[in-house]
Amino acid sequence: MQTINRIDPLRSAVSALRLDGPLALVPTMGALHEGHLSLVREAKRLAAHVAVSIFVNPLQFGAGEDLDAYPRQLARDAAMLEREGVALLWAPSVEVMYPSGFATNISVSGVSEGLCGGSRPGHFDGVATVVSKLFHQVQPDIALFGEKDWQQLAVIRRMARDLDLTQPHADAIFGVPIMREADGLAMSSRNAYLTSDERIQAVTLAIAMRATVAEILGGGEVAVALEKLREALLAGGFRSVDYAELREANSLVALDELGTSSARLLVAAHIGRTRLIDNIAVG
């Protein structure tokens, strides 16, 4: 596996890899876990070579968020990726990604509004900007993202479609299903922040969400089911709920009743100092 942190050698390495066939990109912020590795394995199935990026993107962290505390463990992550047969690790510094005088911002309206976009102003501008740069730097044929960040996936697909990106275009941006712990908690690098007691309580999120989906599918009123979900989280140890909403799966338009189109239940809540997000398909 090649580990590269400068643009010029990256371009040379990418050009050589693409001679053998399609190249897949798995963008990450590191602190890798089994969820990330599931993306890598799916990428290997779909492409001749896999590139993984590790970059803790300061543009998507707001004031008071966990940029400084976010786990950075490049040597461990690189060893994991090499064992998985990854061809290239792109690990630029902040100075390489955002050189002196950097002044460009990509903002995607519509799908970025509300949910995490409402509680983390500017977050998706940072996501769209860095992913656009990654696509231009690595020039992959396809890219893979975890479905746990469902709104992020919608934002990236919208950006690719609107900007006529061809490497990869919107239809070559794949979502990979959420990987969960044995008790149902969605895997996340931020789970490492949880204390032992908080980790036990955190499973309330998955349990309460499954109960909410069952209630909605059983004909229950959406607003009532969502309020019960919020109450269950607060009773189960969460200190606050950013949002608990039913949205149309692709457009992310808010739904007050379950219609004929696909829907998604999306939740973000705080337990201790950790903010957890999750989502489940409804119907």
Study note, to complete from the structure: Of the residues in region 83-93 that are surrounded by 13 or more Cβ atoms within 10 Å (Cβ to Cβ) and not aromatic (Phe, Trp, Tyr), the one that is farthest from Gln73 (Cα to Cα) is Ala87
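Which one of these is among the hydrophobic types (A, V, I, L, M, F, W, C) and under 19 Å from Ala31 (Cβ atoms): Ala69, Ala103? Reasoning before the result, please.
Values: Ala103 fails: under 19 Å from Ala31 (Cβ atoms).
Only one candidate qualifies: Ala69.
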Check your understanding: For region 232-248, which residues satisfy the criterion of being in contact with a helix residue (DSSP H, G or I) (Cβ under 9 Å, 6 or more places away or on another chain) and farther than 14 Å from Val213 by Cα?
Key -> Leu233, Ala235, Gly236, Gly237, Phe238, Ser240, Val241, Asp242, Tyr243
Check your understanding: Only one residue in Val253, Val176, Val222 is among the β-branched types (Val, Ile, Thr) and surrounded by fewer than 20 Cβ atoms within 10 Å (Cβ to Cβ). Which one?
Key -> Val253
Revision key, fill the gap. Among (1) acidic (Asp, Glu); (2) within 16 Å of Thr28 (Cα to Cα); (3) surrounded by fewer than 17 Cβ atoms within 10 Å (Cβ to Cβ), Asp149 falls short only on (3)
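Read-outs throughout are calculated quantities, based only on the coordinates presented, and are distinct from any laboratory measurement. These figures come from a predicted structure and were not determined experimentally. Neighbour counts run over all protein chains shown; Cβ positions are idealised from the backbone, glycine included.
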